[in-house]
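**Q** The structure is given below, and queries will be raised subsequently.
The values are calculated or read from the model by the stated rules, or taken from the named source; none is laboratory data. All figures in this text were calculated on a predicted structure; none of them were measured in a lab. Heads up, the Cβs are rebuilt from the backbone with ideal geometry, glycines too, and the neighbour counts pull from every protein chain shown.
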Amino acid sequence: MADNTTAGHTVRPQDVPADAATSSGSGLDPNISTAYAELQVHRVAEQNGLDVQQVEKLVQQHTEGRTLGFMGEPRVNVLRLNTDLKAPARSARPEPAGRVSRRPALHALLTGAAP
């Protein structure tokens, strides 16, 4: 379990939700609790060079409700969240000089479209 404290945000041990300590050691769990996602927002924003508000918005967008509206707890889809976290960071960084972007080629490979 990583320390989620950042320069401007301290995480106290009593603020850590149970699923932070009891989730699968494989790291393959597709979902985490909203409390655990909120706990990590500041650290994730710092590590990805994003504003805290951007990360909070992405967490909200990837929060799924209770199954059938009443079973379980709301949860955050980590796979989709991580994919979208990298999208703003990629688009904000220009390609290094002399490097050809591989994104169009990958898009063409996946869709069969011409680059």
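**Q** May I ask you to list the residues in the stretch 86-111 that are part of a loop (DSSP other than H, G, I, E, B) and modelled with pLDDT under 50? Can you show your working first?
**A** Going residue by residue through the stretch 86-111, those that are part of a loop (DSSP other than H, G, I, E, B) are 93-102.
Passing the criteria: ARG93, GLU95, PRO96, GLY98, ARG99, VAL100, SER101, ARG102.
**Q** Right, another one. Please list, ordered by residue number, the helices (runs of 4 or more DSSP H) wholly in the stretch 1-85 having 3 or more residues that are modelled with pLDDT of 85 or more. Give the derivation first.
**A** On the way: elements: 18-22, 34-48, 52-61.
Qualifying helices (runs of 4 or more DSSP H): 34-48, 52-61.
**Q** Tell me whether the stretch 28-43 contains one or more residues that are polar (S, T, N, Q) and exposed (fewer than 13 other Cβ atoms within 10 Å of the Cβ). If you could, list the steps in order and put the result at the bottom.
**A** At the first step, the residues of the stretch 28-43 found to be polar (S, T, N, Q) are 31, 33-34, 40.
Narrowing further to those that are exposed (fewer than 13 other Cβ atoms within 10 Å of the Cβ): none.
Among the residues of the stretch 28-43, not one is polar (S, T, N, Q) and exposed (fewer than 13 other Cβ atoms within 10 Å of the Cβ), which makes the answer no.
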